[in-house]
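Visitor: I am attaching a structure below and will ask some questions about it afterwards.
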Amino acid sequence: MKDMTSDGPMIEFRKDLFADERDDDLNEIGKPVRRQDILGHVTGRSPFFDDHLFDGLLHMRCTRSPHHHARVRRIDTSEAERMPGVRRVLTGRDVPANLNTLLSLLDFGLDDEPPLAETKTAYMGEPVAAVIAETEAEARAAAAAVKVEWEPLPHVLDVEEAIKPDAPNVLEIYPGNKFIYHGKYDHQKLRYGDVEKALGEADHVVEGRYQMSPIEQAPIETCGAIAAPEQNDRYVCYTSTQALFFSLGTAAKVLKLPSSRLHFIGGTVGGGFGGKVDSIHEPLAILGAMLTGRPVKYAWDRAEEMQVGAPRGAERWYITDGVMADGRIIARKFTGYFDSGAYTRLSSYAIIKGVGHLPGPYTIPNVSADVYCVYTNRTPATAMRGFGITGVDFSIETHMDKVAETVGMNPIELRILNSYRDGDMKAHRRVAKNCALIECAQVVAEKAGVTLSPEMRAASSLTGGGGVRGEIPAFTATDEQGRVEGFAASSYARKAGASSSAAARQPTPPGLQSRPAAASAPVSTPQPAPARTPPPPAGAPSEPVGRAPDKPARSGAMRFSSLSGFRRR
Amino acid sequence: MTKSPVGFTLNGSQRAAFADPGQSLLDFLRRGVGDLSPKFGCGQGACGACTVTIDGATHLSCLVLAESVAGREVRTAAGLADGASLDPLQEAFMDHFAAQCGYCTPGMLVSARALLDRNPRPDRAEVIEAISGNLCRCTGYEPIIAAILAVAEGRARA
Amino acid sequence: MTIVETYATLAEAARAMGRDAAYFGGGTLVMRAVNEGAAPPRLVRVTDPGLREIRGSADTVTLCTAVTMADVLAHRDLDFLHPVARAIGGPQIRNMATIAGNIFAEHPYGDFAVALLALGARVVPVGQGGPIPVEEVLRARDRTGLIAAIEVPRPRDRRDFGFLKVSRVKPKGVSVLAIAANLPREAGRIRGARIAFGAMGPTPLRASGAERALEGASLDATSIGRAAASAAEGLDPPTDPIASAWYRKEVCGIHLKRLLSRMEAGR
């Protein structure tokens, strides 16, 4: 590791590369600048969510499932309610809209996760009750005194086991334990050219299997929020979230409050790395403040942060390359499995993002990918640095080394050979521009003392691309594998002008009857501002997870204008 | 619950507040006294975000009983600056990008200050040992080590 | 909920102990339990500053009950214990954690107790009774009362004693395993070999296989090889998030060999 003390800062500016494309007369880049927030950090004054003092602060702690998968037969909070310092014990019945999925904010997916589970838990640590008490110790003791009658169910903890026909079903709305994409397929497809034909023509076929375990972000600050009644009939919420608008929108939806009644303060995050986007704490903290009239803090302790807090999900990738003897990769086929854990959260979108990335920064004329968002009884997954990309990039680059070994080529030269160049068509049908992989590879070779051939040293991202390489293949093989019935398309990537009809949001899982809407929200919640449409029923026991036929597409959540970079053209 | 009065010195000033039985010094400092600079990271003694000094020696305040500091001298990160005049370590951390999210920084600074107070010219290995009880998830430690050595070698701003 | 009882002397504290109480020494283990809601309701602590005394004679060091790792590191004539104290926690933990408390530390902690076991240390209980070998105390920790002091026999030659802690994270990390080797010599031969492993069982344990391989031999490549080969004999290490039982069994002989080779080179 380069020693900063003796060798100076670890940044080297290569002014020789792309020199005529930019102005090097820069005011900020390359000049040391103090971070605008660092004075607060070194004086201990940066206002993390917990750095606010409230008189009469109450503490919330949850009762959690000890099982990977279990039905909840009965929850008895009576003893907990009588314990010293306890002000209130919440269960799912107290949550105004006890079913959500984070990406409903982007109109993507189905509501699948209750903030407080009522009939079933699908991962170890899933909360079923929230105790609010005068001190954290009292809340902790009372949470342990909530009595739950569990009926353990068979569980599955591996992605390929979970998609077998006889696997335990994690989410009733997805009977095969797979997220349904676009209402049509049980996986996300990428098709470009004809992979099977090209594999038949290749000199070598190189196969690889790669996987990554879940990775815990482990920030030093655990996730949490403090909510308190504020004047003007609002609630203030200090939160550790990385995604203030996600959290605001989620809280508004789950609590059936217009967002104008919420005052969110955040942006000072004690490490997030993607793990503070799920917006778990704000809704319950605010609900606690609503029901007690006092400030309520809900934060994970370290054990919860590590096990209950969502990690980067596990991934497994199978890659098959068709390679010519001279090292040109003419086909690349992916089968990928993302372990979403027990609920969807962001995994469905991670795959959209990841598939847009394939086959990596290389121009390969035939590419196909089948990528599955799989449900298991593991802790639900969420984002972490390089979200959706990191696992597949590890797999791709390891595979490139394997290909280099197969054809007897220097792995850096293999990459330069196959690298995309400006003007090339990428597998998701956009033209590559501002490519720089070749130059990066050349600098790496120089730093590592690897000698490249003159041809490789002369290669450039600016030359050799486009032309025939810039054209979409005349023929792309498509298929209907993984086609499912009974799911309607969501509004994802719908063309501009089409309205989201209620019908489009009501997938009925095949083979399940729809039930009449059950009686609506609990008595004790303050009424939200007049709703435009009747709210959906809070989950009733054994009702299929989905919505009543008159459920509107919009339900109090904030909306965003685009998903994953798709722009209305 | 019988609270006990705890009179002690915090960053050079006489303070007093009531501690709950079994309350940690960390919680007592933050909520009882109002010094929010030491942070909660684990409650297990693993991360060091709660580091303070008691009579000059670093301690993990999440593992100290609040009432045990009665009559003793506690120092936290909030006591490093003298009004607007910062400790050289604070200046060096800012110059060397030794903080990103800033959550480990108060504990890290207390450990660094305790090192330089007892050993003004540590070598790299001694700096590493001195901060080995403070976890950082953001910087990779090198900027922090560089900042501490810069002060030790007299290269930091005064 | 929690009640803290503070006494001026250890004798009073011992009388106050009971099933519903925990002795609060350095706090590095008990306070964690308090934070997690897992501690007994009563915490018993003592304020007597004399509990941090260290007394030395030519052949024995006596560490009173509140002596910390940092206290050991501050005493130059305890240098044979410095590699052990330095391996416990980080600097803050070393300012807080007591040697006596380390005897009660459950797996994966308790590295200092490993050294005490190899050195044949004796525990002086509060109240009646003479010193008890630490080996006996480790076998019956639940039934042991408060400790007044620990008597540590000095190795006659400082180089006869070696310690190695194996952890994934350095310099501060939880043990995969820890090894302490005490190899007194008579005319070049090992007499009274004591080798102790940490994190290879529910408590620090002696490696009797390795001891037998070294007893009566000189410390050389041959005897070291024999000791390494029988290092895991009779030991049933745990599987935990740090390492599996299989892994601990696989590597304990390798690490023992490294420690013994280092000790051989030092002589």
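What follows draws every value from the coordinates through simple rules; no lab data is involved. No experiment lies behind these values; they were computed from the predicted model shown. Ideal geometry is used to build each Cβ from the backbone, glycine not excepted, and the neighbour counts take in all protein chains shown.
Visitor: Taking θ as phi - 60°, what are the ³J(HN,Hα) couplings along the stretch A:99-114 by the Karplus curve (6.51, -1.76, 1.60), each to the nearest whole Hz, with x for Gly and Pro?
Guide: Along the stretch A:99-114, the couplings run 7, 7, 9, 3, 7, 4, 4, 10, 6, 10, x, 10, 4, 9, 10, x Hz.
Visitor: Which Rg and Dmax, in Å, describe the Cα atoms of chain B?
Guide: 15.5, 52
Visitor: To continue, here is another question. Over the residues of the stretch C:122-247, compute the C-alpha Rg and express it relative to 2.2 N^0.38 Å. Show your work: numbers first, answer last.
Guide: Working: Rg = 16.2 Å, N = 126, 2.2 N^0.38 = 13.8 Å.
Computed over Cα atoms of the stretch C:122-247, the ratio equals 1.17.
Visitor: Per residue of the stretch C:167-184, in order, report the coupling 6.51 cos²θ - 1.76 cosθ + 1.60 (Karplus, θ = phi - 60°) as ³J(HN,Hα) in whole Hz, putting x for Gly and Pro.
Guide: 9, 6, 9, 10, x, 10, x, 6, 5, 6, 7, 10, 10, 10, 10, 10, 10, x
Visitor: Dipole of the stretch B:88-152 (Lys/Arg Cβ +1, Asp/Glu Cβ -1, origin at the Cα centre): which of B:136, B:149, B:92 lies farthest to the positive side?
Guide: Value: B:136.
Visitor: Exceeding 27 Å between C-alpha atoms, which entries from my cross-link table qualify? They are A:353/A:433; A:447/C:257; A:402/A:447; A:297/A:353; A:353/A:402.
Guide: Among A:353/A:433; A:447/C:257; A:402/A:447; A:297/A:353; A:353/A:402, the Cα-Cα distance tops 27 Å for A:447/C:257; A:297/A:353.
Visitor: So for the protein assembly as shown, taking the charge dipole from beta-carbon charges (+1 Lys/Arg, -1 Asp/Glu), which of A:266, C:83, A:77 sits furthest toward the positive end?
Guide: About the Cα centre, the residue reaching furthest to the positive side is A:77.
Visitor: Can you give the FRET efficiency to the nearest 0.05 for residue A:15 and residue A:402, using r as the Cβ-Cβ distance and R₀ = 41 Å?
Guide: 0.70
Visitor: Using a basic spin-label model with each label point 7 Å from the Cα along Cα→Cβ, how many nm lie between residue A:458 and residue A:201?
Guide: 2.8
Visitor: Which of the peptides A:129-135, B:73-79 is most tightly packed, and how do the rest follow, judged by the mean count of other Cβ atoms within 10 Å per residue?
Guide: Packing order, densest peptide first, comes out as A:129-135, B:73-79.
Visitor: Now a separate question. Over the stretch A:297-415, calculate the relative contact order: mean separation of alpha carbon pairs under 8 Å at least 6 apart, over the residue count, as a percent.
Guide: For the stretch A:297-415, the relative contact order is 31 percent.
Visitor: While we're on this one: Where Lys and Arg each count +1 and Asp and Glu each count -1, what net charge lies around residue C:124 among other residues with Cβ under 14 Å from its Cβ?
Guide: Every neighbour counted, the sum reads -1.
Visitor: Please report the relative contact order for the stretch C:3-46, taking Cα pairs under 8 Å with a sequence separation of at least 6, and give it as a percent rounded to a whole number.
Guide: In percent, rounded to a whole number, it is 57.
Visitor: Ok, one more. Hey, what do the phi angles of the stretch C:57-73 turn into as Karplus ³J(HN,Hα) couplings, whole Hz, using 6.51/-1.76/1.60 and θ = phi - 60°, x for Gly and Pro?
Guide: 10, 4, 10, 9, 10, 10, 10, 6, 4, 9, 4, 9, 4, 5, 4, 4, 5
Visitor: Can you give me the Cα centroid spacing of the stretch C:101-165 and the stretch B:1-58 in angstrom?
Guide: Between the Cα centre of the stretch C:101-165 and that of the stretch B:1-58, the gap is 32 Å.
Visitor: Next question. Relative to the longest principal Cα axis of chain B, at what angle does helix B:105-118 sit, 0 to 90 degrees, rounded to 10?
Guide: 80
Visitor: Could you tell me which residue out of C:265, C:180, C:224 lies farthest along the dipole of the stretch C:158-266 toward its positive end? Charges go on the beta carbon: Lys and Arg +1, Asp and Glu -1, centred on the Cα centre.
Guide: So the residue furthest toward the plus end is C:265.
Visitor: Place the peptides C:35-43, A:26-34 in order of packing, highest mean first, counting for every residue the other Cβ atoms within 10 Å and averaging per peptide. Before the final figure, lay out each step's value.
Guide: Numbers: C:35-43: 17.9, A:26-34: 9.2.
For the peptides C:35-43, A:26-34, the packing ranking is C:35-43, A:26-34.
Visitor: Skipping prolines and chain starts, which residues have an amide H placed within reach, meaning under 5 Å, of the one on residue A:76, given they are 5 or more residues away or on another chain?
Guide: For residue A:76, the qualifying residues are A:147, A:148, A:149.
Visitor: Helix B:142-152: angle to the longest alpha-carbon principal axis of chain B, degrees 0 to 90, nearest 10?
Guide: 90
Visitor: Give me the inter-chain shielding for C:183-189: mean count of other chain Cβ atoms within 10 Å, whole number please.
Guide: Mean shielding count: 0.
Visitor: Under unit Cβ charges (Lys, Arg +1; Asp, Glu -1), what dipole magnitude, rounded to 20 debye, does the protein assembly as shown have relative to its Cα centre?
Guide: 840
Visitor: Something else about it: Using amide H atoms built in the peptide plane, which far-off residues or other-chain residues are under 5 Å from residue A:341 H to H?
Guide: A:376, A:378, A:381
Visitor: Around residue C:149, which amide H atoms from residues at least 5 apart in sequence, or from another chain, sit under 5 Å from its own amide H, with H modelled in the peptide plane?
Guide: Those lying under 5 Å, H to H, from residue C:149 are C:124.
Visitor: If you count, for every residue in B:133-142, the Cβ atoms of partner chains within 10 Å of its Cβ, what is the mean? Mind showing how you got there, number by number?
Guide: On the way: counts 9, 5, 5, 2, 9, 5, 0, 1, 1, 6.
Mean shielding count: 4.
Visitor: Can I ask one more? Quickly rank A:65-71, A:286-292 as a protection proxy: mean count of other C-beta atoms within 10 Å, highest first.
Guide: A:286-292, A:65-71
Visitor: A further question on this structure: Given the stretch B:4-79, what whole percent of its Cα pairs are spread farther than 21 Å?
Guide: Counting every Cα pair in the stretch B:4-79, those more than 21 Å apart make up 12 percent.
Visitor: Just checking the output field for C:35-41: average partner chain Cβ neighbours within 10 Å of each residue's Cβ? Could the numbers behind the result be given before it?
Guide: On the way: counts 16, 7, 10, 1, 1, 0, 2.
Counting Cβ atoms of other protein chains within 10 Å of each residue's Cβ and averaging gives 5.
Visitor: For the stretch B:88-152, give the magnitude of the charge dipole about the Cα centre (Cβ charges: +1 Lys/Arg, -1 Asp/Glu; no others), in debye to the nearest 20. Walk me through the numbers on the way to the answer.
Guide: Details: 5 positive and 7 negative charges, 23 e Å.
Using only the charged Cβ atoms, the result is roughly 100 debye.
Visitor: Which helices, counted as full DSSP H runs in chain C, have an axial Cα extent of no less than 15 Å and a Kyte-Doolittle average of -1.0 or above?
Guide: Those that pass (Cα extent of 15 Å or more, hydropathy at least -1.0) are C:245-266.
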